[in-house]
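Down below is the structure, laid out as structure tokens.
None of the figures in this text is laboratory data; all of them are computed from the coordinates on show. Keep in mind that what you see is a predicted model, and the values were worked out from it rather than measured. Here the Cβ is made from the backbone with ideal geometry for all residues, glycine too, and neighbour counts use every protein chain on show.
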Amino acid sequence: MPSGGASVPVVQFRDVTKRFGEVVAARDLDFEVRAGEFLSFLGPSGCGKTTTLRMIAGFEQPSAGEVHLEGRVVNGVPAYRRPVNMVFQHYALFPHLDVAGNVAYGLLQRTPRPPRAEVRRRVAETLELVRLGGFEKRRSWEMSGGQQQRVALARALINEPKVLLLDEPLAALDRKLRRDMQIELQNLQRRLGITFVLVTHDQEEALSMSDRVVIMREGRIVQIGSPRALYDRPADRYVADFVGKSNFFEGRVERVADDSLEIRLASGALLAAACPAPAPAAGAAVSLAVRPEQMILARAAEGLPPDAALTVGARVLNRIFLGEHTEYLLASETLGEFLALVPRQSELNERPFETGESLQAAWSRAAALVLEER
Amino acid sequence: MTAAAGTRDEGRGGGRATTALLLAPASAFFLLLLLLPLAVVIVYSFGERAPAGGYLPAFSFDNYLNLAARGQAFLNTLTLAPLGTLLCALVAYPLAYFLAVRASPRIRTLLLVLVIVPFWASQLLRIYAWLLILGSKGIPALLSLVGIEDLLLVNTRFAVLVGMVYGYLPLMIFPIYVSLEKLDKRLLEASSDLGARPWRTFLQVTLPMSLEGVATGSLLVFILLMGEFIIPALLGGGKVFFIGNALVDLFLQSRNWPYGAAVSIALIAIMLASIVTYMRFVLGKRGQRPNAFM
């Protein structure tokens, strides 16, 4: 229960498990969706994120545990009685109805049925909202994917749902359009104040749009947090790998000091790292995660920061120009192969590194994350 | 657009010859076995009955003016064929719905086979079976055990309808099954998500989206029922006469070929008119559709 003053979460899952026969699609889910937030479920296909969404919608009922909507248990309540609406992955527009018929569908199911003039006015308003004013008479097959997407959005939003559920809504769109729709969805969500719950396997999509992200894996929630928190403080190697790219170096804790650890890498190198809480025991197997953009490359040791945790000699294996960044694949005797990302700005001052070139690589002590192996 | 298609065809001259060659058998078939006989029937329909039966060349409209003499057969056909089609659709739809939506994939195949199995036996045999079932030793005998006496089922319109629905049910089930089977189940979820109760989802999504199947099945069954003669002959016992029975009578018994020809032409004309009207109604109501929908 929320403490005094805090509003009741729109959606709350309490120890929810969903089984399909022998298969456990979702296990012990425990989370809440706060009113007005943009929450994303992120994970690879088969991780249980869509099942979770379908349990909110009412298409699936939990095998165990409780699903709450606005503080009330809705286990067993069918989809047509829930104040939530969904934007389906492939839109699922009704092909036998025109755009107006699709958008008005939800209003026409209400008893008493709203007057015809009001329905027409609200359809026009909602189409305007998704920038499809005047499209009333179009048929779904006469429209582009992006336009169909907007119709699906309008069809759900016209009902003023307590939660808008989005099931991989942008997966079928091309890259450029996807970016535009991401921004548009975000603006729409802020403007309307409706709670959005999105399911995606695209980490960039989840990180760029959401207030909070739920990372799922094999039917379980791994971590919940703001995009920044997930990126900066991943709970484990899985999250660190899924949310952004990361280099991982395996080793053992050699010594635990007050605020720092000494770690012995597999190659024998000894280095210092900031101590995570709770501190791992001496001798524990850990992974050291270093983001590629935190790798510092220089032709000579003088170019490296003074608080470097470890400095190694490395050779450039490959170089990929990405526009605002250049990605280098490097190899070193101590670290094996690893990635480094160099911003365009620093390459303007100095000439870029060449494939085959030998150089020095390092990272500062605060940059590396120590993740305990599970 | 036509010009573009034309150029493309000319670019593949060999393709044209192949097309012509592939179409030749069907074209020859239709020309020799459909259009030619039809022309003969039209010519005959303006002739006169030869004294010993058969055809005597003439040009008179007497045969057509005399059609009313077989009015009862026309009336029976034109009421019972549409009624039979309607009953067929009403019986077939729930079954097709069950097969396509509810039945598990394993028993679905089995049930579909069971729907076809009766077709392996001759239609004549199957109708004879109904003659026994509805005849005095069948259902009426059973009902007399519970006190319902002297029920006459056979030789009635009811018996003819039962036979027609039974005989043509599979032709109705399959098109409806196909249209329901390819119906995107997510549309049903979308409807439910938007607040529609199950029966409203059925009326607003399932039914309109499976009407093509119903239309196809109805057309098939209706055309065959219009020309039916075995079922009324056996189960109607000569009391429920169809145009088909009239034709058998005219050509084989009274040997009045020209009159029979006129009745045939009238039947064809009525069928064409009703099919065109029906198609207009079905297609007109549903608007222009892309070919994704049949």
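Classify the range A:128-230 as rounded, prolate or oblate from the Cα gyration tensor: take a ≥ b ≥ c as the square roots of its eigenvalues, call it rounded if a/c is under 1.5, otherwise prolate when a/b beats b/c and oblate if not.
Values: a/c = 2.15, a/b = 1.76, b/c = 1.22.
In terms of gyration-tensor shape, prolate.
Given 0.36 nm per residue, what is the gain on full extension from A:F248 to A:N349 after removing their alpha carbon distance, in nm?
Details: separation 101, 0.36 × 101 = 36.36 nm, distance 2.96 nm.
Working it through step by step, the gained length comes to 33.4 nm.
Any of A:K18/B:K182; A:K18/A:K162; A:K176/B:K182 with alpha carbons more than 26 Å apart? Name them for me.
On the way: A:K18/B:K182 28 Å; A:K18/A:K162 23 Å; A:K176/B:K182 33 Å.
Pairs exceeding the cut-off: A:K18/B:K182; A:K176/B:K182.
Can you compute the helix-only [θ] at 222 nm over the protein assembly as shown? Use -39500 (n - 2.57) per DSSP H run of at least 4 residues, normalise by all residues, nearest 500 deg cm²/dmol. It would help to have the intermediate numbers written out before the result.
Working: 24 runs with 289 residues, N = 668.
After summing the helix terms and dividing by the residues of the protein assembly as shown, the value is -13500 deg cm²/dmol.
Relative contact order for chain B using alpha-carbon pairs under 8 Å, separation at least 6, rounded to a whole percent? If you can, show how the numbers build up before the last one.
Working: 295 pairs, mean separation 81.5, N = 294.
Normalised by residue count, the contact order of chain B is 28 percent.
Excluding residues on the same chain fewer than 8 positions from B:K185, give the aspartates and glutamates whose Cα lies under 18 Å from its Cα.
By straight Cα distance, B:K185 reaches A:E60, A:D167, A:E168, B:D193, B:E212.
Determine, at each q value in 0.13, 0.20, 0.23, 0.24 (inverse angstroms), the log₁₀ of I(q)/I(0) that the Debye formula gives when each Cα of the range B:14-116 is one equal point scatterer.
With no solvent term, the Cα-only Debye profile gives -0.89, -1.01, -1.14, -1.18.
Using a basic spin-label model with each label point 7 Å from the Cα along Cα→Cβ, how many nm lie between A:E357 and B:L224?
So the label points at A:E357 and B:L224 sit 8.0 nm apart.
Starting from the Cα of A:E333, move 7 Å in the Cα-to-Cβ direction to define the label point; list residues of the range A:237-270 whose amide nitrogen is under 18 Å from there.
Of the residues in the range A:237-270, A:265-270 have backbone N under 18 Å from the label point off A:E333.
Within a Cβ distance under 14 Å of A:P83, other residues only, what is the Lys/Arg minus Asp/Glu net charge? All intermediate terms of the calculation are to be shown ahead of the outcome.
Values: positive: A:R72, A:R81, A:R82, A:R110, A:K162; negative: A:E70, A:E160, B:D193.
Once positives and negatives cancel, what remains is +2.
Determine which residues of the range B:226-251 fall in the zone a paramagnetic label at B:T277 would reach in this model, i.e. backbone nitrogen under 17 Å from the point 7 Å along Cα→Cβ.
Once the point is set 7 Å along Cα→Cβ of B:T277, B:226-227 turn out to lie under 17 Å by backbone N, inside the range B:226-251.
Pull out a ≥ b ≥ c, the square roots of the eigenvalues of the alpha-carbon gyration tensor of the range B:138-255, then state rounded if a/c is under 1.5, prolate if not and a/b is larger than b/c, and oblate in the remaining case.
Values: a/c = 4.43, a/b = 1.77, b/c = 2.50.
Judged from the Cα gyration tensor, the range B:138-255 comes out oblate (a/c at least 1.5, b/c at or above a/b).
I need A:E372, A:E350 ordered by Cβ neighbour count within 10 Å, fewest first. Walk me through the numbers before you get to the answer.
On the way: A:E372 16, A:E350 11.
Neighbour counts put them in this order, fewest first: A:E350, A:E372.
Quick one: if you take sqrt(5λ) for each eigenvalue of the C-alpha gyration tensor of the range A:15-131, what semi-axes come out, biggest first, whole angstrom?
Result for the range A:15-131: semi-axes of 31, 16, 14 Å.
What is the distance, in nm, between label points placed 7 Å from the Cα along the Cα-to-Cβ direction at A:A171 and at A:R228?
Here the modelled spin labels are 3.1 nm apart.
Given bins 5 angstrom wide, list per bin the percent of all Cα-Cα distances in the range A:3-238, short to long.
Pair shares across the bins are 1, 6, 14, 18, 19, 17, 12, 8, 4, 1, 0, 0.
Using a simple spin-label model with points 7 Å from Cα along the Cα→Cβ vector, what separation in nm is obtained for A:D241 and B:A20?
Each label point is offset 7 Å from its Cα along the Cβ direction, giving 6.6 nm.
Round to the nearest 0.05 the FRET efficiency obtained for B:K239 and B:F30 when R0 = 41 Å and r is the Cβ-Cβ distance.
Working: r = 37 Å, r/R0 = 0.91.
In this case the efficiency is close to 0.65.
I'd like the distance separating the alpha-carbon centroids of the range B:76-153 and the range A:38-115, in whole Å.
Between the Cα centre of the range B:76-153 and that of the range A:38-115, the gap is 41 Å.
Just to check, using Stokes-Einstein with a Kirkwood Rh over alpha carbon pairs, what's the diffusion coefficient of the range B:70-293 at 20 °C and 1.002 mPa s in µm²/s?
Stokes-Einstein gives a translational diffusion coefficient of 109 µm²/s.
Treating only the Cβ of Lys, Arg, Asp and Glu as charged (+1, +1, -1, -1), what charge dipole size does the protein assembly as shown show about its Cα centre? Round to the nearest 20 debye. Mind dumping the intermediate values first?
Details: 69 positive and 60 negative charges, 502 e Å.
The dipole magnitude comes to about 2420 debye.
From Cα pairs below 8 angstrom and at least 6 apart in sequence, can you work out the relative contact order of the range B:134-235, rounded to a whole percent?
Working: 73 pairs, mean separation 35.2, N = 102.
Rounded, it is 35 percent for the range B:134-235.
To the nearest 0.05, how large is the calculated FRET efficiency for A:R131 and A:A298 if R₀ is 56 Å and r is the Cβ-Cβ distance?
Here the calculated transfer efficiency is 0.70.
Take each of the peptides B:263-273, A:7-17, average the number of other beta-carbon atoms within 10 Å over its residues, and list them starting from the highest. Walk me through the intermediate numbers first.
Working: B:263-273: 16.5, A:7-17: 18.5.
Result, highest mean first: A:7-17, B:263-273.
If you count, for every residue in A:57-68, the Cβ atoms of partner chains within 10 Å of its Cβ, what is the mean?
Working: counts 3, 3, 4, 0, 0, 0, 0, 0, 0, 0, 0, 0.
Per residue, the average neighbour count from other chains is 1.
Within 10 Å of each Cβ of A:85-92, how many other protein chain Cβ atoms are there on average? List each step's numbers first, then the result.
On the way: counts 4, 6, 2, 6, 1, 2, 2, 9.
Average neighbour count from other chains, rounded to a whole number: 4.
In percent, what relative contact order does chain A have, based on Cα pairs under 8 Å that are 6 or more apart in sequence? Could the numbers behind the result be given before it?
Values: 767 pairs, mean separation 55.0, N = 374.
Here the relative contact order equals 15 percent.
How large are Rg and Dmax for the range A:257-350 when calculated on the C-alpha trace, in angstrom?
15.1, 45
Highest mean first, what order results for A:178-187, A:53-62 on Cβ atoms within 10 Å?
Values: A:178-187: 15.8, A:53-62: 20.6.
Result, highest mean first: A:53-62, A:178-187.
Starting from the Cα coordinates of the range A:288-329, work out the convex hull volume and express it per residue in Å³.
Working: hull volume 4.1 nm³, N = 42.
In the range A:288-329, the Cα hull volume divided by residue count equals 98 Å³.
Calculate the translational D of the protein assembly as shown in whole µm² s⁻¹ from Stokes-Einstein, where the hydrodynamic radius comes from the Kirkwood formula applied to all Cα pairs, the temperature is 25 °C and the viscosity 0.890 mPa s.
Values: Rh = 32.3 Å.
This corresponds to a translational diffusion coefficient of 76 µm²/s.
Reported to two decimal places, what Rg/Rh ratio describes the range B:132-174 when computed on Cα atoms with Rh from the Kirkwood expression? Write out the running numbers ahead of the final one.
Details: Rg = 12.8 Å, Rh = 11.4 Å.
When Rh is taken as the Kirkwood radius, the ratio is 1.12.
Quick one: which of A:261-268, A:342-349 comes out on top by average Cβ neighbours within 10 Å, and what's the full order, highest first? Present the calculation step by step, with values, prior to reporting the outcome.
Values: A:261-268: 16.6, A:342-349: 12.0.
Final packing ranking: A:261-268, A:342-349.
Using a 10 Å cut-off on Cβ to Cβ distances, tally the other chain neighbours for every residue of B:198-207 and report the average as a whole number.
On the way: counts 2, 0, 3, 2, 0, 0, 7, 5, 0, 1.
Mean inter-chain Cβ contacts per residue within 10 Å come to 2.
Just to verify a number: FRET efficiency for B:F158 and B:R200, C-beta to C-beta distance, R0 = 51 Å, to 0.05?
Working: r = 35 Å, r/R0 = 0.68.
The formula returns an efficiency of 0.90 here.
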